1. Would you confirm, using the coordinates I've provided, whether Leu11 is under 14 Å from the mean Cα position of the chain (by Cα) and at pLDDT 95 or above?
2. Mind counting the residues in the stretch 50-82 that are touching a helix residue (DSSP H, G or I) at 6+ places or on another chain (Cβ under 9 Å) and in a helix (DSSP H, G or I)?
3. Quick one: which residue in Leu183, Leu142, Leu160, Leu156 is among the aliphatic types (A, V, I, L, M) and assigned to a strand (DSSP E or B)?
4. Kindly indicate whether Ala89 is modelled with pLDDT of 90 or more, of a type in the set (A, V, I, L, M, F, W, C) and either in contact with a Cys (Cβ under 6 Å, 6 or more places away or on another chain) or open to solvent by 20 Å² or more (accessible area, probe 1.4 Å) (or both).
5. If Gly96 meets every condition in (1) out of contact with any Leu (no Cβ under 8 Å at 6 or more places or on another chain); (2) under 30 Å from Pro21 (Cβ atoms); (3) at pLDDT below 90 apart from one, which number is that one?
6. I want to confirm something. Restricting to the stretch 15-42 and keeping residues that are at pLDDT below 95 and of a type in the set (A, V, I, L, M), which single residue is surrounded by the fewest Cβ atoms within 10 Å (Cβ to Cβ)?
Amino acid sequence: MTEVSSLTGRLLVATPALSDPNFDRAVVLLLDHDEEGSLGVILNRPTPVGVGDILEHWAGLAGEPGVVFQGGPVSLDSALGVAVVPGEAHEAGERGGRPGPGLRGEDSSDDGPLGWRRVHGAIGLVDLEAPPELLATVLGSLRIFAGYAGWGPGQLEDELVEGAWYVVESEPGDVSSPDPRHLWRAVLRRQRNELAMVATYPDDPSLN
């Protein structure tokens, strides 16, 4: 199999041509991407459910709007915590930036504060079974996601070829955007190429 260039830590931004309602105008942060498949969370699907309703002990650390986000259509009964730890980005270097199988429980406590596992730069996954006090003083922001988006081997690559997604660089602020419903346009607007024009695309394609 041809080696897959990892897109871990980057954003998938749904193109206007993507017809799957699960991903309409979605902005997905890729938490893992290799030849075995891909896994990410949708950053712009807030739900009405407060973090305190399902994870009371983490509610105090969750950023505004303080609700659970629907991370994707897979495993909606499971929760993922994604957090930014300011000052960690410069240490990432060549040490990684991708969790690989660590998403499923590997220990990498030497890479950042205890209870947090780096995904890319200052962005990482939080161990929601750990005491929140471990991270209370170092977290810059925390988002809780119910479910995730997943792709099998080669599936995401096929979708990229079909033109379903734009791939762009993530910024730590994307995880904690105070206005997540407008994140799709905001991410496109900051691109220094023709993608900035896509941000003006109407929600109803028939109006284009």
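The values are calculated or read from the model by the stated rules, or taken from the named source; none is laboratory data. Because the structure is predicted, anything quoted here is derived from the model rather than measured. Glycine also receives a Cβ, built like all others from the backbone with ideal geometry; neighbour counts cover every protein chain displayed. For accessibility, only protein heavy atoms count, side chains too; no ligands or nucleic acids. Shrake-Rupley method; radii C 1.70, N 1.55, O 1.52, S 1.80 Å.
1. Working: under 14 Å from the mean Cα position of the chain (by Cα): yes; at pLDDT 95 or above: yes.
Taking the combined requirement at face value, the residue satisfies it.
2. 8
3. Result of the check over Leu183, Leu142, Leu160, Leu156: Leu142.
4. no
5. (2) is the only condition that Gly96 fails.
6. Ala17
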